[in-house]
2 protein chains.
Amino acid sequence: MREAVGAPNVLGGLDLEGYLDPYAFGEGAPFRPSAAVIPASVEEIQRVLTAARQHQLPLWTVSRGRNYGYGGAAPRVSGSVVLDLHRMNRILEVDQELGYVLVEPGVSFLDMHAHLRANKHRLVLSVPDIGWGSLIGNALERGFGYAAHGEHIAFSCGLEVVLADGSVVRTGMGAVPGGTAWHLYRGGCGPALEGLFQQSSLGIVTKMGFWLMPQPENVVVCMVKAPRRDDLGALVDAIRPLLMDGTVQTKAVIGNATIVASMMGERAAWFAGDGPMPASAVRSMMADLEVGWWNARFALYGPTSLTTARLDVVRAAVAAVPDLVLDVRSYPGDVNPEMVHPADRAQLGIPSTDLVRMAAWQGGEPAHTDISLVCPATAADTMRQLDLIQSTVETAGFDYAGGFTLDARAAIALALLSFDRKDERQRERVRDAVGNVIVAAAAAGYAPYRSHLAFMDRIADTYGFNEHALRSVQVTLKDALDPEGLLSPGKQGIWPTSSAPAVSTRQ
Amino acid sequence: MREAVGAPNVLGGLDLEGYLDPYAFGEGAPFRPSAAVIPASVEEIQRVLTAARQHQLPLWTVSRGRNYGYGGAAPRVSGSVVLDLHRMNRILEVDQELGYVLVEPGVSFLDMHAHLRANKHRLVLSVPDIGWGSLIGNALERGFGYAAHGEHIAFSCGLEVVLADGSVVRTGMGAVPGGTAWHLYRGGCGPALEGLFQQSSLGIVTKMGFWLMPQPENVVVCMVKAPRRDDLGALVDAIRPLLMDGTVQTKAVIGNATIVASMMGERAAWFAGDGPMPASAVRSMMADLEVGWWNARFALYGPTSLTTARLDVVRAAVAAVPDLVLDVRSYPGDVNPEMVHPADRAQLGIPSTDLVRMAAWQGGEPAHTDISLVCPATAADTMRQLDLIQSTVETAGFDYAGGFTLDARAAIALALLSFDRKDERQRERVRDAVGNVIVAAAAAGYAPYRSHLAFMDRIADTYGFNEHALRSVQVTLKDALDPEGLLSPGKQGIWPTSSAPAVSTRQ
């Protein structure tokens, strides 16, 4: 490995702290790598693959490894070598006219935004809650953001991938030598391979194109507050049609008062007792912060004439539901980021790391994991999700800090489980709560779209239609493209038939 | 096979006429099946697969087989048994609230539209030029339409697929037993498999969900005319920003005067000589039909307040370019299809078969094939495509009847080659012209997104980056999922390593 990437770029022993699960809640210390290698190029990746094959060492690929709530850079299989791509951080193309960028896996949302500003590009990036992660890593894990183009994988176009055998494949129009449309058209000749590399152990993505929105003349950020827990259904039904016909161009992110509060401080300011915060404390928190029980946020973009017309439609939809309150803030598209209200940054495509503080809600040493269930974007389904998640979380003694990210047809039901990572009882209760939600949700026909390392097998088990036919195909593909099972074994519950023998896998 | 599907649903001999290439232009009569089987269910498909395996007979799957310009229902490998899915034509779900439908492969655009109208659903289907084809077949081949949601595969969600071994797989959230989000959320657990079944021989798609647009209050169809051939670049540059920021919600379809004329009559009305129509004849045709050298069409949807605001933005963009003329027609969203101008039907989601007549441009026995190249949506690239295609087509003695389907970032350069299928010299010239365009385009970095059976191998050859790494992966996947090579061998130039021995394959 040292020959492959240079000795300073191979880490072991005490230098591996950054590759452990930062917010571990399991027993003992699983998910512990034996080393990390940090290549700077495709050629170095190819040399790492040769060494891994020679020594039958499983590699666990991370772009930047910053998704702390789901395991960070830690591998599913202890003993794996983490293949850390953060040094491959070139921004290879920015095309103002055609609205796209081409990047390597080490490029973060913070990097990309800084580059666009420094070079005066008039393009808007969609950014997630915390900007330190990789554009590529986030999209491949099906992460999302809050400006237009918020479903990141849906606005990606054209990959370069290194397969387990070291071959370099360019997908779609990228396979045309000297081609002109690699990052412009999503298709090509024959089956499309891009989806294979989502939540995947089938290859190492080394380049990826993303479509960015041109900077609009005007941005209007809308906030809708609802006073009561049971207003959720009416709120969802009011917003969904606006998403479906494109009046609203972002996802609508709906958070309860507790998750909004966790962006600003710790629970101790309102309640210091054990167990979930009582309703009276929630009410005084709502009053202090001037927030609703539910708080929905979304945005409108375009020439001012068009955002004005869009806003009129939004106003009418909100006014039709009793007790909903709409607040709006309007910005010029080229606004100075420092003049933007912190709560509106994501809708303007401005990344930050402010929300790292959300993990500190519970006090102690901040840690969190998340519950992320997919459900239909209806009043009935979101209420059912709320009942299921809130009751499980509160039974485990935690506050329900969560909500929904609403699209036209589906919603992601999210709950943030903050805990003190030094508190073993809290860790246990978090683990049990997440496990219980998975079981209860599956029985009702809902499943998570991603998860912490510790739950990957259990979640894959819930995708079991027709005697696990989907997983059977995924394993067939795994065995075909990586017959020795060297790449990220166990990722998303997919285990190669022939696991690398240097480590025991299903630990 | 008769045991599998019932004797009346197995065709052979003279009954196979509907399974020959309807507009064949090759030498002799290649692409000739030995039989056709017409299953009515997944179970019957499974029995057909068992029989095919037992007798090592390759199957060529078609949904409805109506893409006549690219070979219709004819198989790539002569001797194949056509697996014709048109009897599987159930509309399984229509969800007004969440805006989706679930269909089987036999459902045509005409069927779907009739069903929506008969049941008073307020949902708009995107339809292609001719409505007799299959929603599923069209989307899987990456076909497109002209209402909102025009990139059909991009608005599909959730597949059921029968693999070569007979196993039935549901993708994404469809793998959750009793799941609620199969056709609502495009993701799931692990790698996404949907793309594998595009332009594919890897499985037989038996169900597929599609997202439909809710019926808007108002639809405005815009037509922009440009007087001269060399206005193309300015036209593209005027429209592209409107597509990129979502002001315009459809693709813009740009056709020259000749292709517009071919929708209405035969060339003999303006020119009866050999070789391409001279400029003077084109000019009198433009005057007769009141069309431009270029004619762009697109649409705006929404509440009237919003379409009005969108139209103002369009007007300003068109007015900024000298000599462009904008015409608009406004319709209520629930307009009676019979009150819609025939040229606007596709933008309103109303399918028809009127454009079958385009194949009759050349006179004689109507036939056509198409050239479909992907290029960047820029002035320079579209002009380069125009030069390349027009000169090749005219050198071959045909009229250039074509244009571009413009998206925000990419365009498809299209040319319709109409010919008299009884005229051997015309057939030869068509074949040579298409072959010459493929070679010249590849040298300039452009490639077709689909093609007639006769060109699949040659086109696959142009996707040759890194010693054909993409095709190597596609063949690896083919061998893994269909080790006997029974499903559609040769489709899109992908040949199984072990071809079914009952027929010689590369003929």
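Filter the cross-link list B:Lys225/B:Lys251; A:Lys491/B:Lys491; B:Lys120/B:Lys207; A:Lys478/B:Lys491; A:Lys120/A:Lys207; A:Lys225/A:Lys251 down to pairs whose alpha-carbon distance in this structure exceeds 26 Å. Check vs 26 Å cut-off fails for A:Lys491/B:Lys491.
Using the Cα coordinates of chain A, the gyration tensor eigenvalues translate into equivalent-ellipsoid semi-axes of 36, 29, 21 Å, sorted from longest to shortest. The Cα trace of region B:218-455 gives Rg and Dmax of 17.9, 56 Å, the first to one decimal, the second as a whole number.
Extension gain A:Ala343-A:Gln54, at 0.36 nm per residue separation less the Cα-Cα distance, in nm? If you can, show how the numbers build up before the last one.
Working: separation 289, 0.36 × 289 = 104.04 nm, distance 5.06 nm.
Stretched out fully, the A:Ala343 to A:Gln54 stretch lengthens by 99.0 nm.
For B:Leu123, the amide hydrogen comes within under 5 Å of the amide hydrogens of B:Gln215, counting only partners 5 or more places away or on other chains and with H modelled in the peptide plane. Could you work out how far the C-alpha centroid of region A:21-99 sits from that of region A:108-140, in angstrom? Centre-to-centre distance over Cα atoms comes out at 20 Å. Taking the charge dipole of the protein assembly as shown about its Cα centre, with +1 at Lys and Arg Cβ atoms and -1 at Asp and Glu Cβ atoms, the residue from B:Leu14, A:Leu116, A:Ala52 reaching farthest to the positive side is A:Ala52. Using θ = phi - 60° in the Karplus curve 6.51 cos²θ - 1.76 cosθ + 1.60, the 3J(HN,Hα) couplings for region A:302-317 round to x, x, 4, 4, 7, 5, 5, 5, 4, 5, 4, 5, 4, 4, 5, 5 Hz; x is entered for Gly and Pro.
Per-residue mean of foreign Cβ neighbours for B:147-153 is 1 (Cβ atoms of other chains, 10 Å radius).
Across peptide B:198-204, the average count of Cβ atoms from other chains found within 10 Å of a residue's Cβ is 3. Remark: mean inter-chain Cβ contacts per residue of A:97-103 equal 4, using a 10 Å Cβ-Cβ cutoff to other protein chain atoms. DSSP assigns beta bridges within chain B; of those with both partners inside it, close to 90 percent run antiparallel. Shown in residue order for region B:227-234 are the 3J(HN,Hα) couplings computed by the Karplus curve 6.51 cos²θ - 1.76 cosθ + 1.60 at θ = phi - 60°: x, 10, 3, 7, 7, 3, x, 5 Hz (x for Gly and Pro). Farthest toward the dipole's positive end in region B:270-385, which of B:Tyr331, B:Ala272, B:Thr369, given Cβ charges of +1 (Lys, Arg) and -1 (Asp, Glu) about the Cα centre? Going by the charge dipole, the pick is B:Tyr331. Look at the alpha carbon pairs under 8 Å that are at least 6 residues apart: their mean separation over the length of chain B gives a relative contact order of 18 percent.
Couplings 3J(HN,Hα) for region B:40-46, derived from phi with the Karplus relation 6.51 cos²θ - 1.76 cosθ + 1.60 (θ = phi - 60°), are 10, 7, 4, 4, 5, 4, 4 Hz, where x marks Gly and Pro. Taking every alpha-carbon pair in region A:200-357 and binning the separations at 10 Å intervals from zero gives 9, 33, 31, 19, 7, 0 percent.
For A:Thr250, enumerate residues with amide H under 5 Å from its amide H, sequence gap 5+ or separate chain, H modeled in the peptide plane. Excluding prolines and chain starts, which carry no amide H, the hits are A:Ala299.
Coordinate range of the alpha-carbon atoms in the protein assembly as shown per principal axis, descending: 91, 61, 56 Å. Between amide H atoms placed 1.01 Å from N, distances below 5 Å from B:Thr61 occur with B:Leu83, B:Ser488, all of them 5 or more places distant or on a separate chain.
In a simple Cβ point-charge model (Lys, Arg +1; Asp, Glu -1; nothing else charged), the protein assembly as shown has a dipole of about 260 debye relative to its Cα centre.
Both radii are taken from the alpha-carbon atoms of region A:2-84; with Rh as the Kirkwood radius, Rg/Rh is 0.97. Normalising the Debye intensity of region B:91-214 to I(0), with uniform scatterers on Cα atoms only, and taking log10 at q = 0.12, 0.14 Å⁻¹ returns -0.40, -0.55.
Each value in this text was obtained by applying a stated rule to the coordinates, not by laboratory testing. Note that the structure is a prediction, hence the values are computed from the model and not measured. So basically every Cβ, Gly included, is an ideal-geometry build from the backbone, and we count neighbours across all protein chains shown.
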